[in-house]
1. Among 106, 49, 34, flag the residue with its Cα farthest along the positive direction of the charge dipole of the stretch 1-117, charges on Cβ as +1 for Lys/Arg and -1 for Asp/Glu.
2. Let's see if you can work this out: charge +1 on each Lys and Arg Cβ, -1 on each Asp and Glu Cβ, no other charges. What is the dipole magnitude of the stretch 1-118 about its Cα centre, in debye to the nearest 20?
3. At a probe radius of 1.4 Å, what is the per-residue accessible area of residue 40, in Å² to the nearest 10?
4. To the nearest 10 Å², what's residue 15's accessible area with a 1.4 Å probe?
5. Relative to the longest principal axis of the chain, what angle (0 to 90°, nearest 10) does the C-alpha long axis of helix 82-100 take?
6. On a 0 to 90° scale, report how tilted helix 133-164 is relative to the longest principal axis of the chain, with both axes built from alpha carbons and the result rounded to the nearest 10.
7. If 93, 25 are ordered by their accessible area, calculated over protein heavy atoms with a 1.4 Å probe, which sequence runs from highest to lowest?
8. In whole Å, what is the distance between the alpha-carbon centres of the stretch 1-35 and the stretch 59-100?
Amino acid sequence: MIRAMLVINNQGKSRLAKFYNHTPVEQQQQLIRSVYSVLCLQPENVSNLIEGGLLLGPDLRLVYKLFATLYFVFVFDSSENELAMFDLIQVYVEILEKCFNNVCELDIVLNYGKMHTILNEMIVGGQVVETNSDIILKAVEEISKLETMTAGAKLISKSKSLLWG
(Lines give C-alpha, C1' and ligand atoms only; values in the text may rest on other atoms or scores of the structure.)
Protein backbone atom coordinates (compact mmCIF):
# COMPACT_ATOMS: atom_id res chain seq x y z
CA MET A 1 0.00 0.00 0.00
CA ILE A 2 1.16 3.50 -0.75
CA ARG A 3 1.47 5.48 2.47
CA ALA A 4 2.35 8.92 1.09
CA MET A 5 3.21 10.87 -2.03
CA LEU A 6 5.45 13.90 -1.58
CA VAL A 7 6.80 16.61 -3.82
CA ILE A 8 9.63 18.48 -2.12
CA ASN A 9 11.79 21.20 -3.65
CA ASN A 10 15.57 21.08 -3.40
CA GLN A 11 15.46 23.48 -0.43
CA GLY A 12 13.26 21.17 1.65
CA LYS A 13 9.91 22.91 1.17
CA SER A 14 6.98 20.58 0.72
CA ARG A 15 5.01 21.48 -2.40
CA LEU A 16 2.58 18.57 -2.29
CA ALA A 17 1.95 16.02 0.44
CA LYS A 18 -0.73 13.37 0.27
CA PHE A 19 -0.94 10.79 3.05
CA TYR A 20 -3.09 7.69 2.57
CA ASN A 21 -3.36 6.69 6.21
CA HIS A 22 -4.16 8.70 9.29
CA THR A 23 -0.99 10.50 10.25
CA PRO A 24 -0.99 13.42 12.69
CA VAL A 25 0.32 16.69 11.22
CA GLU A 26 3.37 16.68 13.47
CA GLN A 27 4.35 13.22 12.20
CA GLN A 28 3.73 14.30 8.60
CA GLN A 29 6.05 17.27 9.02
CA GLN A 30 8.67 15.12 10.71
CA LEU A 31 8.47 12.56 7.90
CA ILE A 32 8.90 15.29 5.27
CA ARG A 33 11.93 16.70 7.10
CA SER A 34 13.44 13.23 7.51
CA VAL A 35 12.86 12.31 3.89
CA TYR A 36 14.42 15.55 2.69
CA SER A 37 17.43 15.16 4.97
CA VAL A 38 18.12 11.76 3.41
CA LEU A 39 17.41 12.87 -0.17
CA CYS A 40 19.68 15.88 -0.13
CA LEU A 41 22.60 13.72 1.01
CA GLN A 42 22.10 11.05 -1.66
CA PRO A 43 24.80 11.04 -4.35
CA GLU A 44 23.50 11.12 -7.92
CA ASN A 45 25.01 7.75 -8.82
CA VAL A 46 23.13 5.67 -6.22
CA SER A 47 19.80 3.90 -6.33
CA ASN A 48 16.59 5.88 -6.09
CA LEU A 49 15.25 3.38 -3.54
CA ILE A 50 15.71 3.84 0.19
CA GLU A 51 14.82 1.18 2.74
CA GLY A 52 12.86 2.56 5.70
CA GLY A 53 14.80 1.41 8.72
CA LEU A 54 14.96 4.08 11.41
CA LEU A 55 13.76 6.79 9.01
CA LEU A 56 10.35 5.37 8.08
CA GLY A 57 9.91 2.13 9.95
CA PRO A 58 10.92 -1.47 9.34
CA ASP A 59 8.37 -2.28 6.62
CA LEU A 60 8.42 1.00 4.68
CA ARG A 61 10.48 2.09 1.69
CA LEU A 62 10.62 5.10 -0.53
CA VAL A 63 11.33 5.66 -4.18
CA TYR A 64 12.19 9.10 -5.49
CA LYS A 65 13.14 10.89 -8.66
CA LEU A 66 14.57 14.38 -9.02
CA PHE A 67 13.13 16.46 -11.85
CA ALA A 68 14.75 19.90 -12.12
CA THR A 69 14.38 21.30 -8.58
CA LEU A 70 11.67 18.91 -7.36
CA TYR A 71 11.88 15.53 -5.67
CA PHE A 72 8.89 13.31 -6.39
CA VAL A 73 8.66 10.68 -3.65
CA PHE A 74 6.45 7.69 -2.92
CA VAL A 75 6.51 6.09 0.53
CA PHE A 76 5.10 2.55 0.48
CA ASP A 77 5.15 -0.79 2.26
CA SER A 78 6.44 -4.18 1.14
CA SER A 79 3.21 -5.08 -0.68
CA GLU A 80 4.15 -2.67 -3.49
CA ASN A 81 6.78 -3.21 -6.16
CA GLU A 82 9.64 -0.68 -6.23
CA LEU A 83 9.77 -0.56 -10.03
CA ALA A 84 6.02 -0.02 -10.24
CA MET A 85 6.34 2.92 -7.84
CA PHE A 86 9.20 4.35 -9.86
CA ASP A 87 7.06 4.01 -12.99
CA LEU A 88 4.17 5.72 -11.19
CA ILE A 89 6.38 8.75 -10.59
CA GLN A 90 7.19 8.81 -14.29
CA VAL A 91 3.50 8.63 -15.26
CA TYR A 92 2.62 11.43 -12.83
CA VAL A 93 5.37 13.70 -14.17
CA GLU A 94 4.38 12.93 -17.78
CA ILE A 95 0.80 13.95 -17.04
CA LEU A 96 2.02 17.16 -15.41
CA GLU A 97 4.13 17.88 -18.50
CA LYS A 98 1.06 17.44 -20.72
CA CYS A 99 -1.01 19.71 -18.48
CA PHE A 100 1.51 22.50 -17.95
CA ASN A 101 4.17 22.30 -20.73
CA ASN A 102 7.56 22.20 -18.99
CA VAL A 103 6.17 21.86 -15.50
CA CYS A 104 7.99 23.88 -12.89
CA GLU A 105 7.66 24.52 -9.18
CA LEU A 106 5.46 27.57 -9.77
CA ASP A 107 2.96 25.45 -11.73
CA ILE A 108 2.67 23.15 -8.74
CA VAL A 109 2.18 26.01 -6.29
CA LEU A 110 -0.42 27.80 -8.45
CA ASN A 111 -2.30 24.66 -9.51
CA TYR A 112 -2.40 22.82 -6.21
CA GLY A 113 -5.97 21.60 -6.75
CA LYS A 114 -5.20 20.18 -10.18
CA MET A 115 -2.16 18.38 -8.78
CA HIS A 116 -4.40 16.65 -6.23
CA THR A 117 -7.04 15.90 -8.85
CA ILE A 118 -4.47 14.14 -11.04
CA LEU A 119 -3.15 12.21 -8.06
CA ASN A 120 -6.69 11.26 -6.98
CA GLU A 121 -7.37 9.85 -10.45
CA MET A 122 -4.26 7.66 -10.13
CA ILE A 123 -4.40 6.53 -6.50
CA VAL A 124 -7.38 5.89 -4.25
CA GLY A 125 -6.91 4.90 -0.62
CA GLY A 126 -3.26 4.05 -1.18
CA GLN A 127 -4.00 1.71 -4.10
CA VAL A 128 -3.09 2.45 -7.72
CA VAL A 129 -6.29 2.52 -9.79
CA GLU A 130 -5.16 4.06 -13.09
CA THR A 131 -1.86 4.54 -14.90
CA ASN A 132 -3.06 5.33 -18.43
CA SER A 133 -2.19 8.99 -18.91
CA ASP A 134 -4.83 9.55 -21.61
CA ILE A 135 -7.64 8.30 -19.36
CA ILE A 136 -6.36 10.37 -16.44
CA LEU A 137 -6.06 13.52 -18.57
CA LYS A 138 -9.58 13.06 -19.94
CA ALA A 139 -10.97 12.71 -16.40
CA VAL A 140 -9.07 15.80 -15.23
CA GLU A 141 -10.38 17.83 -18.19
CA GLU A 142 -13.96 16.74 -17.43
CA ILE A 143 -13.56 17.71 -13.77
CA SER A 144 -12.15 21.09 -14.81
CA LYS A 145 -15.14 21.67 -17.11
CA LEU A 146 -17.56 20.81 -14.30
CA GLU A 147 -15.74 23.16 -11.93
CA THR A 148 -15.90 25.97 -14.50
CA MET A 149 -19.61 25.38 -15.13
CA THR A 150 -20.32 25.29 -11.39
CA ALA A 151 -18.37 28.49 -10.81
CA GLY A 152 -20.25 30.18 -13.66
CA ALA A 153 -23.60 29.04 -12.31
CA LYS A 154 -22.73 30.36 -8.84
CA LEU A 155 -21.70 33.70 -10.33
CA ILE A 156 -24.98 33.98 -12.25
CA SER A 157 -26.96 33.04 -9.15
CA LYS A 158 -25.12 35.62 -7.08
CA SER A 159 -25.64 38.30 -9.74
CA LYS A 160 -29.39 37.57 -9.85
CA SER A 161 -29.67 37.76 -6.08
CA LEU A 162 -27.88 41.11 -6.08
CA LEU A 163 -30.14 42.46 -8.82
CA TRP A 164 -33.41 41.17 -7.42
CA GLY A 165 -32.37 41.46 -3.79
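1. Projecting each Cα onto the dipole axis, the largest value belongs to 106.
2. Details: 9 positive and 12 negative charges, 71 e Å.
Here the stretch 1-118 has a charge dipole of around 340 debye.
3. 70 Å²
4. Roughly 70 Å² of residue 15 is accessible to a 1.4 Å probe.
5. Tilt relative to the chain: about 30 degrees.
6. Around 40 degrees separate the two axes.
7. Descending order: 25, 93.
8. Spelled out, the Cα-based centre of one part sits 13 Å from the other.
The values are calculated or read from the model by the stated rules, or taken from the named source; none is laboratory data. All figures in this text were calculated on a predicted structure; none of them were measured in a lab. Because the Cβ atoms are built from the backbone with ideal geometry, glycine has one as well, and the counts that use them run over all protein chains shown. For accessibility, only protein heavy atoms count, side chains too; no ligands or nucleic acids. Shrake-Rupley method; radii C 1.70, N 1.55, O 1.52, S 1.80 Å.
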